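Structure first, commentary second.
The values are calculated or read from the model by the stated rules, or taken from the named source; none is laboratory data. Keep in mind it's a predicted model, so treat the numbers as computed, not measured. When we count neighbours, we look across all protein chains shown, and the Cβ atoms used for this are built from the backbone with ideal geometry, even at glycine. To get the accessible areas, we keep the full protein, side chains included, count just its heavy atoms, and leave off ligands, DNA and RNA. Shrake-Rupley method; radii C 1.70, N 1.55, O 1.52, S 1.80 Å.
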Amino acid sequence: AQTVTQSQPEMSVQEAETVTLSCTYDTSENNYYLFWYKQPPSRQMILVIRQEAYKQQNATENRFSVNFQKAAKSFSLKISDSQLGDTAMYFCAFHIYGGATNKLIFGTGTLLAVQP
Amino acid sequence: DVKVTQSSRYLVKRTGEKVFLECVQDMDHENMFWYRQDPGLGLRLIYFSYDVKMKEKGDIPEGYSVSREKKERFSLILESASTNQTSMYLCASVPNPRQGYQETQYFGPGTRLLVL
């Protein structure tokens, strides 16, 4: 069975500093996608960043980047120059490419608080 | 921009009532999903649909049913609401993979349901 584990239920960071959220997953598949979603307080869940497993280069989106370690099945999210608007619940998610469905498997989330 | 809307942001119902949660997307997506979000448990898939009138059980379908009569609308039904169904319910949609590319899921704003 595929699983996603986020071992940090809550984290805190000072504004302008860097923080890393961890995520590990378990699968026997070789082709899959990994995602980080952000859910701000009382607002819609949105995609932060995605990574295709066949790509060795780590994905980046402005201040957000990932450290994808396929052999270790690790997919951490680094947020640089943290801003107050980054305060949110962050979910790591996993999807098998070419599977019978488009199901996403989610971790339990990390609540990030950016302090002024 | 893809828009996924849900009929209510907040809902209060009595035990035993029949509850309808509606989700509408405007991007002609084939796949639609209903998740339940609970603290410490992340997002868990209740049901999904990959076409009109087609549905599949997710990981926690007990106590729920769904209806998809039109492509843009996916309804979640609680046949007889119980207090353990108090939760945040999220709807999402995504197109079928095209040319080997898997699009990300787009989420609605969520419905926070309280069953008394």
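Numbers below:
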read-out: Within-13-Å neighbourhood charge of B:Glu69 [Cβ basis; K, R +1; D, E -1]; value: +3
read-out: Neighbourhood net charge (12 Å Cβ-Cβ; Lys/Arg +1, Asp/Glu -1) for A:Thr27; value: 0
read-out: Fluctuation leader among B:Ile46, B:Ile77, B:Ile60 - chain B, Gaussian network, Cα springs under 10 angstrom; value: B:Ile60
read-out: Average accessible area per residue (Å²) across chain A - probe 1.4 Å, nucleic acids and ligands excluded; value: 49
read-out: Aspartates and glutamates with Cα under 17 Å of A:Lys70, excluding same-chain neighbours fewer than 8 positions away; value: A:Asp26, A:Glu29, A:Glu52
read-out: FRET E, pair A:Arg43, A:Ala71, Förster distance 30 Å, beta-carbon r, rounded to 0.05; value: 0.25
read-out: Buried solvent-accessible surface, both chains (A, B), 1.4 Å probe, Å² to nearest 100; value: 1800
read-out: Solvent-accessible surface ranking, highest first, for A:Tyr32, B:Tyr106 at 1.4 angstrom; value: B:Tyr106, A:Tyr32
read-out: Chain A: C-alpha gyration tensor shape, a/c 1.5 cut-off, then a/b vs b/c; value: prolate
read-out: Chain-alone versus full-assembly comparison, region B:42-57, residues with accessible loss of at least 20 Å² (1.4 Å probe); value: B:Gly42, B:Leu43, B:Leu45, B:Phe48
read-out: Inter-chain shielding of B:104-113 (mean C-beta neighbours from other protein chains, 10 Å cut-off); value: 4
read-out: Charge tally in the Cβ shell below 14 Å around A:Arg63, where Lys, Arg are +1 and Asp, Glu are -1, A:Arg63 excluded; value: -3
read-out: Two-site FRET efficiency, A:Ser80 against A:Lys55, from Cβ-Cβ distance with R₀ of 22 Å, rounded to 0.05; value: 0.60
read-out: Fraction of accessible area attributable to carbon and sulfur, chain A (%, probe 1.4 Å); value: 46
read-out: Efficiency of FRET from Cβ geometry, B:Arg112 and B:Glu22, R₀ 22 Å, rounded to 0.05; value: 0.90
read-out: Probe 1.4 Å, accessible area per residue of chain B, Å²; value: 49
read-out: Chain B: most fluctuating residue of B:Pro39, B:Pro95, B:Pro61 per GNM, C-alpha cutoff 10 Å; value: B:Pro39
read-out: Distance (nanometres) between label positions extended 7 Å along Cα→Cβ at B:Leu11 and A:Ser12; value: 3.7
read-out: Charge dipole (debye, nearest 20) of region A:3-115; +1 at Cβ of Lys and Arg, -1 at Cβ of Asp and Glu; value: 280
read-out: Over 23 Å (Cα to Cα) - which of A:Lys55/A:Lys103; A:Lys103/B:Lys13; A:Lys103/B:Lys57 fall in this group; value: A:Lys103/B:Lys13
read-out: Estimated distance in nm for a label pair at B:Met54 and A:Thr5, the labels positioned 7 Å out from Cα along Cα-to-Cβ; value: 3.5
